[in-house]
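Let me begin by presenting the structure, written as structure tokens, before commenting on it.
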């Protein structure tokens, strides 16, 4: 998967405005509002997120994602996400939590042989030790353009925790944003359509450089320094 991802932080008023203006252009997918949990893996020294927050031209992350609470046998998705010169590349495989534990302990591959398996395994072997570092949770509504490739998401109540790092326990966490604020992500393979540019411009919606894991890391550093 290769695409551009543009992010915006929306106030409660902008969120209501944006959803109203979307009508007739895009529609929510069949899943409706979905609670998503992403468990980010990092080195013991947080090398991946420390590099990411410096905003280099190339950065990469790996995370384990579930839709709602997971169980030991339910499907979860291991995702390798890279960003180079503004373009996002994602590799994703369906797996289970026990298989992921084995994989990060160095025991075999995560999926059947192929390009995706090679990329994810090479990533693991390069960093050598990757451990659960931060759990990001949010409530998402995804929208699609009928007949087009435009996708966008609105994430409500983004939150995080750095303890109980499991996808099977709860969807609780510390808020990343003020109450009512949301994160808009626009995902396109080419340019945004003019009607969407107009909605964003008229709503005075400004592009933001915002990483959920990056913001959680920043807040955690601030809390640590206050102790």
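The values are calculated or read from the model by the stated rules, or taken from the named source; none is laboratory data. Just so we're clear, the structure is a prediction, and the values are computed from it rather than from any experiment. All Cβ positions, even for glycine, are placed from backbone atoms using ideal geometry, and neighbour counts span all protein chains on display.
Only residues that are crowded, with 17+ Cβ neighbours inside 10 Å and closer than 16 Å to residue 82 by Cβ were counted across the stretch 30-52, and they come to 7.
Evaluate the following for residue 135: is it in contact with a strand residue (DSSP E or B) (Cβ under 7 Å, 6 or more places away or on another chain), modelled with pLDDT of 95 or more, farther than 27 Å from residue 190 by Cα and outside any strand (DSSP E or B)? Here the answer is no, as residue 135 does not meet what is asked. Of all the numbered requirements in (1) more than 22 Å from residue 97 (Cβ to Cβ); (2) in contact (Cβ under 8 Å) with a residue 24 or more places away in the chain; (3) crowded, with 17+ Cβ neighbours inside 10 Å, residue 157 misses one, and that requirement is (2).
If you go through the stretch 182-227 and keep only what is in a loop (DSSP other than H, G, I, E, B), modelled with pLDDT of 95 or more and in contact with a strand residue (DSSP E or B) (Cβ under 6 Å, 6 or more places away or on another chain), you end up with just 205.
Checking each residue in the stretch 111-132 for being more than 20 Å from the chain's Cα centre (by Cα) and outside any helix (DSSP H, G or I) picks out 111, 112, 113, 114, 128, 129.
One residue stands out among those in the stretch 30-88 that are free of Cβ contacts under 8 Å to residues at least 12 places away in the same chain and part of a loop (DSSP other than H, G, I, E, B): the one that is nearest to residue 143 (Cα to Cα), which is 30.
Scanning the stretch 1-29 for residues that are under 20 Å from the mean Cα position of the chain (by Cα), part of a loop (DSSP other than H, G, I, E, B) and exposed (fewer than 12 other Cβ atoms within 10 Å of the Cβ) turns up just one, 1.
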